[in-house]
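Some notes on the structure that comes next.
Nothing in this text is a laboratory measurement; each read-out follows from the coordinates by a stated rule. Quantities reported herein were computed from a predicted structural model and do not represent experimental measurements. Note that we place each Cβ from the backbone using ideal geometry, even for glycine, and neighbour counts take in every protein chain shown.
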Amino acid sequence: MKMKEKVTNFVLNKLRLKNYILFRTNEEGVIIRKSRLKKFRKKSKNLLIAAQLVAIWYLLIIAGSYLTTNTGAYFNDVETIEGSISVSEDFCKDVQNGSDFWHKYCKDNAGIGNGPDTPDQNTGEHTDPDNPGHNKGGCDDHTNAPCSEAKQINETHTSNSITLTWIKPSNVKFVRIYKNGSEKPVVDNLIEEIFIDENLLPSTKYSYKITTVDNSGKESLGLNIDVTTSGEDSPSVLPENVTDLKGIRNGNSQNIELSWKNPTGISHVRIYNQADSTLIEDNVKGENIKLTSNDKVTYRVTTVDSSGNESSGVTVTVPLKE
């Protein structure tokens, strides 16, 4: 019994010693693992801090590049419009002439494809209303440039009449004359370069505006002239008539030559067709002129002084061409 008890105690003591050693070993092992984990954690923390510093550095570089270089911005603004687009050979064909649409898109619309509306018709002499720079005198320019004005406007007057003369530009069709500010012309479609206003009051001022009109109907702005008739208390003395007036037809042709002698103190000579009082020539300075006519014609030749006074005139008849 005692032997058995001794063996038991011995075994138990051995087990206790072994357990103690194992415990110490495990305890030491635990201590060793905790120390390594602490070192690993410290090392990992340092790596994390380094990674964060590198990330911050790159962010600073990227931010600096955006602040110091041009920025790029992109916008996308999309608008949807529903409708249809049609093509017409002449989109001004059915547009009412004079309407707002016509004035905006059709009148003098440069380019081809819109067809010839009324103001865009070719007015001759190689003019082209749709293309500025292709027009001779500006009357047909699509920029609405005015026609060329009349040139060298002169006036002569008496106590009851005023005579206006001018030179009509070659690129206009006719002349209109307005009197005393009226919107309605006193004379229209005037081809001749003279206008005589008679039955006027003495010592009275009259205002005239002379405009030109081209082949397409465009009218110039016009030139103004004021003329005051002579007074009754100082009647004008009419100049003397020409003398030795002759009219000769050169053989069997339409060529006619008139000749005469001028009195002293006159400015120029005028020649009329006696049948209808049409002025044929004005500002004739010499003592002869060549005319043409196949018919029997009677000419009246008058003289005009520097004050505009005109003589009654003398006549000569040239027979019919044989």
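Distance between the 7 Å Cα→Cβ label points at residue 257 and residue 288: 0.4 nm.
With a cut-off of at most 11 other beta carbons within 10 Å, and DSSP calling the residue loop, which chymotrypsin sites (Phe, Trp or Tyr not before Pro) in region 179-246 qualify? Please list them. Passing sites in region 179-246 do not exist.
Normalising the average separation of contacting C-alpha pairs (under 8 angstrom, six or more residues apart) by the number of residues puts the relative contact order of region 204-284 at 17 percent. Subtracting the Cα-Cα distance of residue 182 and residue 243 from 0.36 nm times their residue separation leaves 17.7 nm of extension gain. Our estimate of slack between residue 267 and residue 205, defined as 0.36 nm per intervening residue step minus the Cα-Cα distance, is 20.0 nm.
Residues with beta-carbon under 10 Å from that of residue 265, excluding residue 265: net charge, scoring Lys, Arg +1 and Asp, Glu -1? Net charge around residue 265: -2. Eigen-decomposition of the gyration tensor built on the alpha-carbon atoms of region 247-322 gives equivalent ellipsoid semi-axes of 24, 12, 9 angstrom, largest listed first.
Karplus-based coupling profile of region 170-182, in residue order and whole Hz: 6, 9, 10, 8, 7, 10, 10, 10, 9, 10, 6, x, 5, with θ = phi - 60° in 6.51 cos²θ - 1.76 cosθ + 1.60 and x standing for Gly or Pro.
Counting Lys and Arg as +1 and Asp and Glu as -1, what is the net charge of the other residues whose Cβ lies under 11 Å from the Cβ of residue 163?
Residues near residue 163 contribute -4 overall.
In this structure, the residue pairs whose Cα-Cα separation is over 19 Å, taken from 151/290; 179/285; 261/285; 290/321; 173/218, are 151/290; 179/285.
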